[in-house]
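Q: Could you have a look at this structure, given as structure tokens, before my questions?
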Amino acid sequence: MVLASATLLVLVILAYLGPLRVVFHKVITAETQKHAALAETIFGIRTVKSLALEPQRKALWDERIAEAGKRRLAFGKLSNWPQTLATPIERFMWLGGMMVGVYLAMSDPSGYMVGGLFAFMMLSQRVAQPLIGMARLIESYEEVGAAIGEAASVLNRPLEMDAASGGLRPRFTGAVSFEDVTFTYPGTKVPALNRVSFSIPAGTMLGIVGRSGSGKSTITRLLQGINREYSGFVKIDGADLREINLRHLRSSFGTVLQDNFLFRGSIRDNIIAGRAGLTLEDAVRAARLAGAEEFIERMPNGYETYVEEGSPNLSGGQKQRLAIARALITDPRILILDEATSALDPESEALVNANLLRIGRDRTMMIVSHRLSSLTECDLTLVLEKGEVMDIAPHRVLVERCAVYRQLWAQQNRHLEPQGPRHAALAKTLIQGD
């Protein structure tokens with residue numbers, strides 16, 4: 001009776017492990033979506049207020065809470081069944097065994113069976129109690145297992161740096177080459193880069209152009225070692241990128257992105273960005289080179305002006321120029337500007353573009369931009385189309401021989417074309433006041 005009951009308890013526990021795991025996974029998904037909706041609303045509170053989306057976001061939050069509550073209720077109901085089924089089996093094991101044992105003891109004239117009965121009941125409890133405890137803890141077991149699984153999905157990802165002390169640490173001059181590089185982002189089948197090959201000598205100002213999704217930013221990501229699962233070779237000064245220490249590689253770059261993050265602290269601290277040994281004079285020099293000095297000096301406390309979380313006291317163009325100054329503070333040999341002037345007003349953009357030749361002196365620059373007019377002074381311009389290299393040459397040569405570049409140039413400079421008869425007649429009519 002004890003063995004049969006114990007077997008039934010084990011079967012009950014095993015039967016509910018799978019269904020409980022499935023239901024609890026739905027609980028985790030619902031809770032994740034709930035917290036994601038909350039975080040998304042808080043992070044995008046300016047957009048929510050500007051578009052008057054409070055009712056929609058509140059309705060979404062209520063929906064997520066209701067879904068999470070429903071999933072938790074379903075999990076609670078299901079997790080009660082193992083204990084509900086285990087309790088009568090455990091009672092049967094205890095009381096049934098005692099009844100049979102008492103009957104056998106009363107039928108034994110020698111009386112030795114009474115002692116054996118008590119010993120056996122103690123042993124049967126040793127078997128039953130752990131199984132009953134497991135049935136009661138099956139809910140906690142699944143919760144802990146799911147939590148460990150979620151943590152493991154992050155912790156078991158391959159490290160970006162296997163060893164901080166490993167890899168080469170060469171002194172860069174800035175020569176860059178891509179040799180038959182193919183890269184596909186996870187979850188997609190279409191390559192972002194397809195057998196890309198080009199090379200530039202040190203000190204080159206390289207513009208990278210192409211339509212959206214052509215692979216412009218992917219080239220800069222591979223060059224910084226952010227994505228390393230590519231075929232082919234990416235080399236700096238002839239050294240394979242995979243053999244270079246990542247920390248040394250990135251500290252040798254200056255990078256300015258389209259959307260840059262500023263830390264809480266003074267403008268000076270943001271420009272220096274924790275670089276040991278750098279002083280206010282270094283920050284002033286970098287700000288002057290980036291064209292940020294004129295607006296910093298107009299701030300209430302100059303370089304000691306405090307930048308709040310989210311930088312509400314700075315415009316997009318001001319943040320962009322501070323990011324450029326931060327990238328220049330270490331005098332990097334390779335500077336990457338990924339749509340770095342997209343948030344600038346025409347005056348600020350003209351100021352930065354006027355400084356590009358001065359900024360790019362004695363360093364390699366890679367400028368990703370949709371505005372071809374800002375790349376006309378580049379030594380070379382790389383034209384990409386659907387992840388493939390169409391051409392690489394100076395601006396004047398590309399306008400003549402590259403159809404993709406010529407089309408992009410014509411689209412962006414359409415306003416410079418001579419006015420047709422219709423426009424001239426319209427202008428004459430407006431002048432005459434008809």
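Q: Just to be sure I understand, how many residues within the range 395-412 are in a helix (DSSP H, G or I) and under 36 Å from the mean Cα position of the chain (by Cα)?
A: Total meeting the criteria: 12.
Q: For the condition at pLDDT 85 or above, crowded, with 19+ Cβ neighbours inside 10 Å and β-branched (Val, Ile, Thr), what is the one hit in VAL404, VAL399, VAL383?
A: When all the criteria are applied, what remains is VAL383.
Q: With the requirement that a residue be under 22 Å from SER140 (Cα atoms) and of a type in the set (Lys, Arg), what does the range 17-73 give you?
A: Passing the criteria: ARG21, LYS26, LYS34, LYS70, ARG71, ARG72.
Q: Next question. Can you tell me which residue among LEU95, LEU60, LEU73 is loosely packed, with under 12 Cβ neighbours inside 10 Å, in the same structural domain as GLU142 (by TED's automatic domain parsing) and under 26 Å from ALA147 (Cα atoms)?
A: LEU73
Q: While we're looking at this one, here's another question. Identify the residue in the range 206-232 that is assigned to a strand (DSSP E or B) and either touching a helix residue (DSSP H, G or I) at 6+ places or on another chain (Cβ under 7 Å) or of a type in the set (Asp, Glu) (or both) and, among all such residues, is surrounded by the fewest Cβ atoms within 10 Å (Cβ to Cβ).
A: GLY210
Q: If you don't mind, there's one more thing I want to ask. If only one of GLN56, GLN33 is in contact (Cβ under 8 Å) with a residue 12 or more places away in the chain, closer than 30 Å to SER311 by Cα and part of a helix (DSSP H, G or I), which one is it?
A: Every option except GLN33 fails the conditions.
Q: Taking only pairs six or more apart or across chains, which ones have beta-carbon atoms under 6 Å, a first residue in the range 290-302 that is outside the structural domain of ARG268 (by TED's automatic domain parsing) and closer than 22 Å to VAL256 by Cβ, and a second residue that is polar (S, T, N, Q) and buried (at least 16 other Cβ atoms within 10 Å of the Cβ)?
A: Sorted first by the residue in the range 290-302, then by its partner, the list stays empty.
Q: (1) closer than 17 Å to ARG333 by Cβ; (2) among the β-branched types (Val, Ile, Thr); (3) under 23 Å from the mean Cα position of the chain (by Cα): which one isn't true of THR204, the others all being true?
A: All conditions pass for THR204, except number (3).
Q: Which numbered condition trips up ILE236, out of (1) surrounded by 13 or more Cβ atoms within 10 Å (Cβ to Cβ); (2) of a type outside the set (D, E, K, R); (3) modelled with pLDDT under 85; (4) out of contact with any helix residue (DSSP H, G or I) (no Cβ under 6 Å at 6 or more places or on another chain)?
A: Looking at each condition in turn, ILE236 falls short on (3).
Q: Test ILE324 against the stated conditions and say whether it is more than 30 Å from VAL190 (Cβ to Cβ), among the β-branched types (Val, Ile, Thr), assigned by TED's automatic domain parsing to the domain that holds GLY277 and surrounded by 18 or more Cβ atoms within 10 Å (Cβ to Cβ).
A: Considered against the rule, which asks whether it is more than 30 Å from VAL190 (Cβ to Cβ), among the β-branched types (Val, Ile, Thr), assigned by TED's automatic domain parsing to the domain that holds GLY277 and surrounded by 18 or more Cβ atoms within 10 Å (Cβ to Cβ), ILE324 comes out as yes.
Q: Just the residues that are farther than 19 Å from LEU249 by Cα, among the aromatic types (Phe, Trp, Tyr) and in a strand (DSSP E or B), please, taken from the range 169-205.
A: Result: PHE183, PHE198.
Q: Here is a further query. What do you reckon, is VAL102 part of a helix (DSSP H, G or I), more than 30 Å from ILE13 (Cα to Cα) and at pLDDT below 70?
A: no
Q: Let me ask something else about it. Is there a residue in the range 358-366 that is surrounded by fewer than 20 Cβ atoms within 10 Å (Cβ to Cβ) and of a type in the set (Gly, Ala, Ser)?
A: No, every residue in the range 358-366 fails to be surrounded by fewer than 20 Cβ atoms within 10 Å (Cβ to Cβ) and of a type in the set (Gly, Ala, Ser).
Q: Give the range 361-382 a look and list any residue that's farther than 16 Å from PHE198 by Cβ and in contact with a helix residue (DSSP H, G or I) (Cβ under 9 Å, 6 or more places away or on another chain), or say none.
A: SER369, HIS370, ARG371, LEU372, SER373, SER374, THR376, GLU377
The values are calculated or read from the model by the stated rules, or taken from the named source; none is laboratory data. As the structure is a prediction and not an experimental result, all values here were calculated from the model. Neighbour counts are summed over all protein chains in view; Cβ atoms, including those assigned to glycine, are modelled from backbone coordinates with ideal geometry.
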